[in-house]
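See below for the structure under consideration.
The values are calculated or read from the model by the stated rules, or taken from the named source; none is laboratory data. Quantities reported herein were computed from a predicted structural model and do not represent experimental measurements. No Cβ is skipped: glycine too gets one built from the backbone with ideal geometry, and neighbour counts run over all protein chains shown. Surface accessibility is based on the protein's heavy atoms, side chains included, excluding ligands, DNA and RNA. Shrake-Rupley method; radii C 1.70, N 1.55, O 1.52, S 1.80 Å.
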Amino acid sequence: MKLAGFFMLVAGWFIVLASMPLLGSMKLLTIFVLAGLGVEVIGLVLVVRSHLIVEDETG
Amino acid sequence: MTNLPTPTLSEGASVVCVVCILLVPLAAGGLALMNAGLGRSRGAAHTMIASLCILSVAVITYFVCGFAVQGFAEGPSHVLNEGGKQWDWIGAGPFFFRKFELDGSRESLVAVFSMLCAGLAALIPLGAAAERWRLRAMCASTALLAGFTFPLFAHWVRFGGWLEQVGSNYGLGHGLIDVGGSGWIQAAGGLTALSIVWILGPRRGKYSSTKMPNAIPAHNAVFVVFGAMLCWLGWLGLNSAGAILFGGALPGQTLLEIVNTTLAAASAGLAALVVTGLRFGRPDASLTCNGWIGGLVASSAGCLFIKPAEAVVVGAIAGVLVTYAVEWLEFGLKVDDPGGSISAHAVGGIWGLLAVGLFARLPTLSGSNSGQFVAQLVGIATLLGFVLPITYGLNRLLNWFVPYRVSLEGERQGMDLHELGADAYPEFVVHTEEFIQR
């Protein structure tokens, strides 16, 4: 789960990066940048959850 | 849109800039004092000596290779071409400052300023990882930060890198605006702190068997408050030097910088004081100081471009955010951050970047701020999607070769005795023979 979380953090960043050269309109660009950030937030939640589980297991 | 103007420095501006740069080490001293005060007495000497070691390793590593990775504006760099647009990825400056004249030019002032900023960024993780992070691991991790991650992100943000270029390449305002380092110094350091705390885990005894956090109070509130005051001075220098070097501010404009920085810190400190007073019945000294630091951090990115009244709002929001973030991290996420570094620097820094998009009035940027707001979001996305994973991955890798966490015995003994062989306050130890009747 931790790996998936970090993968999503990077994937969200790539969405943001790709949106800049690919999208011309500011409205679409804003939506894609926000979507990329949304993916990053999901990734962050996964990483946090995975650390909480590890803490629980190790006591 | 173009990048922010960076005219040649006049002699007066160079002198003001040097004075401001001289104030920056006070921020490092303040952070060190705060970190020592917020920990337990049995680790105070260790925290102070670790701060000195971290600063030393950071400035030497930056001198050896960090400046080469970071480069300087209009200096050599490695560039990718994408659809006719240039993406500047990494600097190609000289190693060991070779053939680089430290002659008072803008580039030389930038190099000196950045070297001190590398030290400041490297100090941030210590506050979060104190009392369980081994000295040699700190030094190794600092070398990684000051030699690679910090200069690389700094290059992207302020030294002609792609985050600065998104303004001219894709019409996103002036590109990412962060003159004083809310993102490239503070948030980068705060996210590194989070990575290291995830690797280390909490201090022993911090969480009970029911997973509720136990209070481990700060051992010296006076250190904490005095440290916060020193940080104020340091931040005045940091923000003013950043504004002159990166924002094209004239020496007279540093007055606005000083007013905004001070107002942001004051309102953040007061906001934290009121929030803790309302929630806990009495104001909390350490959270108030963390809120104060959060305000300073949030002010850094755009205090050249906002009005004083807006600085009060930015600071107050930072103060409230930091106070809740400390609690959320400790209770909700089980992240043990004795110095509140993640909340003050990462949360405060990200808020500072966002605040530029919301409030800043930028030169030659008329009408809507939407492009600038998107540029700031791209900067935040890069912090979360690049800086956090890479610092976690590299520190995790380093942890295999240089174990980060101190042994159980060392933690019980205290870092002072275990790693330094002497306590910070030897007179606290009662020697029984002194009370024997002779």
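Remarks
This table checks each residue for (1) in a helix (DSSP H, G or I); (2) among the aliphatic types (A, V, I, L, M); (3) open to solvent by 20 Å² or more (accessible area, probe 1.4 Å).
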residue	(1), (2), (3)
B:256	yes, yes, yes
B:259	yes, yes, yes
B:265	yes, yes, no
B:269	yes, no, no
B:273	yes, yes, yes
B:279	yes, no, yes
B:283	no, no, yes
B:288	yes, no, yes
B:310	yes, no, yes
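- Looking only at segment B:290-308, and only at residues there that are open to solvent by 10 Å² or more (accessible area, probe 1.4 Å) and assigned to a loop (DSSP other than H, G, I, E, B), the one that is nearest to residue B:246 (Cα to Cα): B:304
- Scanning segment B:241-254 for residues that are in contact (Cβ under 8 Å) with a residue 24 or more places away in the chain and either among the β-branched types (Val, Ile, Thr) or open to solvent by 50 Å² or more (accessible area, probe 1.4 Å) (or both) turns up B:244, B:250, B:253, B:254.
- One residue from B:329, B:321 being in contact with an Asp or Glu (Cβ under 7 Å, 6 or more places away or on another chain) and assigned to a helix (DSSP H, G or I): B:329
- Near pairs, Cβ below 7 angstrom, 6+ apart or cross-chain, from segment B:372-388 (more than 7 Å from every other protein chain (Cβ to nearest Cβ) and within 11 Å of residue B:192 (Cα to Cα)) to any residue that is open to solvent by 10 Å² or more (accessible area, probe 1.4 Å) and not aliphatic (A, V, I, L, M): B:387/B:149
- Matching entry among B:417, B:365 (being under 29 Å from residue B:189 (Cα atoms) and either assigned to a helix (DSSP H, G or I) or modelled with pLDDT under 85 (or both)): B:417
- Candidate set from segment B:34-46 (those that are in contact with a Leu (Cβ under 7 Å, 6 or more places away or on another chain) and surrounded by 24 or more Cβ atoms within 10 Å (Cβ to Cβ)); member that is nearest to residue B:339 (Cα to Cα): B:35
- Check on residue B:238, within 20 Å of the chain's Cα centre (by Cα), under 25 Å from residue B:114 (Cβ atoms), at pLDDT 95 or above and open to solvent by 20 Å² or more (accessible area, probe 1.4 Å): no
- Residue check, residue B:349 open to solvent by less than 10 Å² (accessible area, probe 1.4 Å), of a type outside the set (D, E, K, R) and over 21 Å from residue B:283 (Cα atoms): yes
- When the residues of segment A:8-39 are filtered to those that are in contact with a Leu (Cβ under 9 Å, 6 or more places away or on another chain) and closer than 16 Å to residue B:391 by Cα, the one that is least open to solvent (accessible area, probe 1.4 Å) is A:9.
- Breaking point among (1) closer than 27 Å to residue B:94 by Cβ; (2) within 14 Å of chain A (Cβ to nearest Cβ); (3) in a loop (DSSP other than H, G, I, E, B); (4) not basic (Lys, Arg), for residue B:156: (3)
- Some residue of segment B:86-93 being more than 30 Å from residue B:337 (Cβ to Cβ) and among the aromatic types (Phe, Trp, Tyr): yes
- Picking from residues in segment B:220-234 that are out of contact with any Leu (no Cβ under 8 Å at 6 or more places or on another chain) and of a type outside the set (S, T, N, Q), the one that is least open to solvent (accessible area, probe 1.4 Å) is B:228.
- When residue A:35 is tested against (1) modelled with pLDDT of 90 or more; (2) at the interface with another protein chain (Cβ under 9 Å from one of its Cβ atoms), only condition (2) is not met.
- Index of the failed condition, residue B:422 passing every other in (1) in a helix (DSSP H, G or I); (2) away from every other protein chain (no Cβ under 14 Å): (1)
- Test: residue in segment B:166-181 that is within 14 Å of chain A (Cβ to nearest Cβ), open to solvent by 10 Å² or more (accessible area, probe 1.4 Å) and not small (Gly, Ala, Ser): yes
- Failed criterion for residue B:107 (all others in (1) part of a helix (DSSP H, G or I); (2) under 30 Å from residue B:293 (Cβ atoms) hold): (2)
- Residues considered: B:102, B:144. Of these, the only one that is open to solvent by 40 Å² or more (accessible area, probe 1.4 Å), part of a loop (DSSP other than H, G, I, E, B) and away from every other protein chain (no Cβ under 14 Å) is B:102.
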